[in-house]
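To start, the structure itself, in structure tokens.
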Amino acid sequence: HMLTTTTTTTPSSTDADATEVIAGGWQSISDADELMAVQQLLAKVKPDLVSQLAQGGYECTVDDDVIVQSAQRQVVAGTNYMAHILVAGSEEFDVSFFVALPVNDPEQVPTSLRV
């Protein structure tokens with residue numbers, strides 16, 4: 001399904017066309033390093049991800065590659081993520097999860113994982 005990013009254009013003294021994300025709105029992640037960071041977050045909960053995929057009828061193992069192809073984030077009291085992933089090189093899924101603020105979870109382990 002398609003997600004939209006909520007943005008607003010705000011005048012600025014240096015760039016009249018500056019676009020900023022509204023607090024609480026979804027923002028697309030396009031930087032390769034940031035996408036890799038989302039992938040590393042999902043790696044922390046890979047057994048849960050594999051289990052949820054299995055509950056949905058897709059068989060895979062923790063040894064199968066999970067590659068984040070695209071992602072969005074929403075900054076709240078922590079960060080909500082939605083990611084489009086490729087599993088075992090052939091099946092695509094949308095997943096969502098939450099990462100608490102570092103002060104509340106120094107390990108940055110995703111919670112509320114949903115496939």
Heavy-atom accessible area with a 1.4 angstrom probe orders D64, D48, most exposed first, as D48, D64
Using a 1.4 angstrom probe on the protein heavy atoms only, line up V66, V87, V109 by accessible area, largest first.
-> V109, V66, V87
Accessible surface ranking that places the most exposed of S90, S96, S30 first, with a 1.4 angstrom probe | S30, S90, S96
When the charge dipole of the stretch 53-110 is computed with +1 at the Cβ of Lys and Arg and -1 at the Cβ of Asp and Glu, the Cα pointing farthest to the positive end, of A71, Q55, V87, is that of A71
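Multiply the residue gap between A37 and V109 by 0.36 nm, knock off their C-alpha separation, and tell me the result in nm, one decimal place.
Stretched fully, the A37-V109 segment lengthens by 24.7 nm.
The values are calculated or read from the model by the stated rules, or taken from the named source; none is laboratory data. Computed from a predicted structure; not experimentally measured. Cβ: placed from backbone, ideal geometry, glycine included. Neighbour counts: every protein chain shown. With ligands, DNA and RNA removed, areas are computed over all heavy atoms of the protein, side chains included. Shrake-Rupley method; radii C 1.70, N 1.55, O 1.52, S 1.80 Å.
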